[in-house]
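Quick note: the coordinates plus some simple rules give every number you see, no bench work behind them. The model shown is predicted, which means the values in this text are computed figures rather than measured ones. Neighbour counts run over all protein chains shown; Cβ positions are idealised from the backbone, glycine included.
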Amino acid sequence: ADLRGSQAKEEPMKKDTVQISSPDRLVYPEMQVSKQDVADYYERVMDWLLPGVAGRPLSVLRCPDGTQKACFFQKHHTAGMDVSTVSLQEEQGGRQDYLMVRDKTDVMQLVQFNSLEFHPWGALADSPDDCDRLVFDLDPSEQVSWATVKKAARQVRDLLEQLQLQSFVRTTGGKGLHVVAPLKPPVPWEDARQFARAFAESLAGAHPDTYIATASKKQRKGLIFVDYLRNGRGATSVCSYSLRARPGAAVATPLRWEELGRVKSSDAFHIRNLPQRLARLASDPWEEMTAIRQSLPDLPE
Ligand code: ATP
Ligand code: MN
Ligand code: MN
């Protein structure tokens, strides 16, 4: 569905301006970026952000005293938040109201609550038990060059393509890249997890000098951890156009594969230059994703 189109019609139904308190408080002091600057950023990218995050269970990273003080992840609705929710069964325990955004007002309300990062599930709130987005989270250890990370992402793309899966790439605004493959119709999490794990292990098995598929930090030296653990019920990945709560105010940025070669680092796009990038783009680099119908292949033996 085209969220950009439908949004304008629905807006008058809700109170559509969120008052930003403490607008001058510095959130990224090293850049002189204030809470109002963060709010202005999210207003600016709203039509690009919403398609990747709306209608999904969501965790936010909140930094009430800026990025240089303590930040915390929040996944459940708490008192006073005038934000959409979805009631879901916990992985363990009972039902809980999870945060969700439906529209601009929800996003801005979360920004008012000092949310900087947006981390949706790879599932829609209507169908929380089924994965509609596989995420291969490439996590390079310190010794791995950016050129190697980019090469790895292309290799993941090529291997997925051999399995008839089209994929998309984004910078995370951190150190690595995410390679994302949509699944339509969505598949049960157990199948998604098994596939992602088998894929990661087969990659690491074939290229043990480049990849590792186990989470152990110790063994990762010089390698790229193919983090397949994003692919489970309740797991999240940062969404496209989310800011990162790290020095530099980098933005997780979706790219066209052809652009990847020119991108200088995972944090190349940030709060100051991302709006200029959008001004130059005719459409979102991931625009085609919504039109793709593709399924998981049978698992290799
Ligand atoms: P980088 O490129 O630096 O790895 P990243 O966003 O991929 O950036 P990861 O540490 O690999 O960071 O984490 C992948 C995803 O897992 C995050 O985007 C986030 O959604 C989720 N995640 C990681 N750590 C936590 C945490 N402590 N609590 C909740 N979710 C987390
Ligand atoms: Mn990562
Ligand atoms: Mn990771």
Where no second cysteine Cβ lies under 4.7 Å, the cysteines concerned in the chain: Cys131, Cys239
Backbone N under 14 Å from the Thr214 label point (7 Å along Cα→Cβ), restricted to the stretch 187-201: 201
Net lengthening on full extension, Ile292/Asp16 (0.36 nm per residue, minus Cα-Cα): 96.1 nm
Ranked by how many other beta carbons lie within 10 Å on average, peptides 103-114, 64-75 from highest: 103-114, 64-75
Cα centroid separation, the stretch 25-53 to the stretch 97-124 (Å): 13 Å
Debye, to nearest 20: dipole size of the chain, +1 on Lys, Arg Cβ, -1 on Asp, Glu Cβ: 840 debye
Distance in nm between pseudo-label sites at Val263 and Gln36 (7 Å out along the Cβ direction from Cα): 3.2 nm
Taking Cys63, Cys131 and counting other C-beta atoms within 10 Å, the order from fewest to most: Cys63, Cys131
